[in-house]
Amino acid sequence: MLLAVLLCRPNGLVPVELMIDALWDGGVPKTARKNVHVYISALRKLLEDVGAGGRLVSQGSGYLLLVGDGELDALRFRSLARAGREASGRGALASAAGLLREALKLWSGPSLPELRNSRTISAEAERLDARSVQVYEEWAEVELRLGNAREVAETIDDLMELHPQRERLRAAHMNALFQLGRQTEAFAVYEEYRQFLAGEFGLGPSPVLEAQYRSMLA
């Protein structure tokens, strides 16, 4: 659990108080701060045993774990996603799609699934998961610009079920279906989302999505 907290903020200071919140999640013992120092010592010993003892650094009121870009999936994901966005921004769509696809391949399901009983780690995991959905949306939009609607249409359903409120997913799904000549299904995606927003939040789709829908009707 302590290692997970440190790896959620690689190369960044993790305050001892945050470690305490993650490890005990309420019901904090009086010896919590002392226990953290004991766990840090044990973790440092484990790292020393594999030749990485200098990685765990004490700094001010916390600790940081030094990690290279190629050593942690989360860092590699961030690097690939950034490169993909940059490629898209300069119009290199095929390169952007490839980079974003490589980033998405690093995901095999929800992050830190066995440690989500800790609210602190669960919050960090949800933040990571949200980034993966955002990168999927970016990848889907690039693929649609390249005319590769089929792959988007075949991979988007599960994410839409997990994140029904995300409009970019709905828009990408509508576009993919429309490009494939499945207009009726595209319109059904819009209508389902409209009903979802009205029922859950008393709202309607954004003007951008509504304009997309009307352009498809024209």
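The values are calculated or read from the model by the stated rules, or taken from the named source; none is laboratory data. Fair warning: this is a prediction, and the values are worked out from it, not measured in the lab. For neighbour counting, all protein chains shown are included, and Cβ atoms are generated from backbone atoms with ideal geometry for every residue, glycine included. Note: accessible area is taken over every heavy atom of the protein model, side chains too, but ligands, DNA and RNA are not part of it. Shrake-Rupley method; radii C 1.70, N 1.55, O 1.52, S 1.80 Å.
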Checking the condition in contact with an Asp or Glu (Cβ under 7 Å, 6 or more places away or on another chain) and not in a helix (DSSP H, G or I), which residue from PRO164, PRO110 passes? PRO110
When only residues in the range 3-15 that are surrounded by fewer than 17 Cβ atoms within 10 Å (Cβ to Cβ) and not in a loop (DSSP other than H, G, I, E, B) count, which is farthest from the chain's Cα centre (by Cα)? PRO15
Scan the range 18-36 and tell me whether some residue there is aromatic (Phe, Trp, Tyr), more than 20 Å from GLU141 (Cα to Cα) and in contact with a strand residue (DSSP E or B) (Cβ under 8 Å, 6 or more places away or on another chain). no
Give SER88, SER132, SER58, SER79 a once-over and let me know the one that is of a type in the set (S, T, N, Q) and within 30 Å of HIS37 (Cβ to Cβ). SER58
Check off (1) open to solvent by less than 30 Å² (accessible area, probe 1.4 Å); (2) over 22 Å from the mean Cα position of the chain (by Cα) for ARG214 and give me the number that stays unchecked. (1)
Just to be sure I understand the filter: pairs with C-beta atoms under 7 Å, separated by 6 or more residues or on different chains, first member in the range 106-134 and polar (S, T, N, Q), second member in a helix (DSSP H, G or I) and open to solvent by 50 Å² or more (accessible area, probe 1.4 Å). Which pairs pass? THR120/ASP21
Just a yes or no: is a residue in the range 142-159 closer than 28 Å to PRO10 by Cβ and modelled with pLDDT of 95 or more? yes
Conditions (1) open to solvent by less than 50 Å² (accessible area, probe 1.4 Å); (2) within 17 Å of the chain's Cα centre (by Cα); (3) at pLDDT 95 or above -> GLN134 fails only (1)
Checking TRP139 against (1) part of a helix (DSSP H, G or I); (2) open to solvent by 70 Å² or more (accessible area, probe 1.4 Å), only one condition comes out false. Which one? (2)
Filtered residues of the range 83-113 (kept if under 13 Å from the mean Cα position of the chain (by Cα) and open to solvent by 20 Å² or more (accessible area, probe 1.4 Å)): LEU104, LYS105, LEU106, TRP107, SER108, GLY109, PRO110, LEU112
How about the range 180-207: which of its residues are farther than 14 Å from ARG170 by Cβ, assigned to a helix (DSSP H, G or I) and in contact with a Lys or Arg (Cβ under 8 Å, 6 or more places away or on another chain)? none
Can you name the residue in the range 59-82 that is open to solvent by 60 Å² or more (accessible area, probe 1.4 Å) and touching a helix residue (DSSP H, G or I) at 6+ places or on another chain (Cβ under 8 Å) and, of all such residues, is farthest from ALA125 (Cα to Cα)? SER61
Picking from LYS30, LYS45, the residue that is open to solvent by 40 Å² or more (accessible area, probe 1.4 Å) and not in a helix (DSSP H, G or I) would be LYS30
Being open to solvent by less than 90 Å² (accessible area, probe 1.4 Å) and either among the polar types (S, T, N, Q) or outside any helix (DSSP H, G or I) (or both), is that true of even one residue in the range 169-178? yes
Residue check: is ASP129 open to solvent by less than 70 Å² (accessible area, probe 1.4 Å) and charged (D, E, K, R)? yes
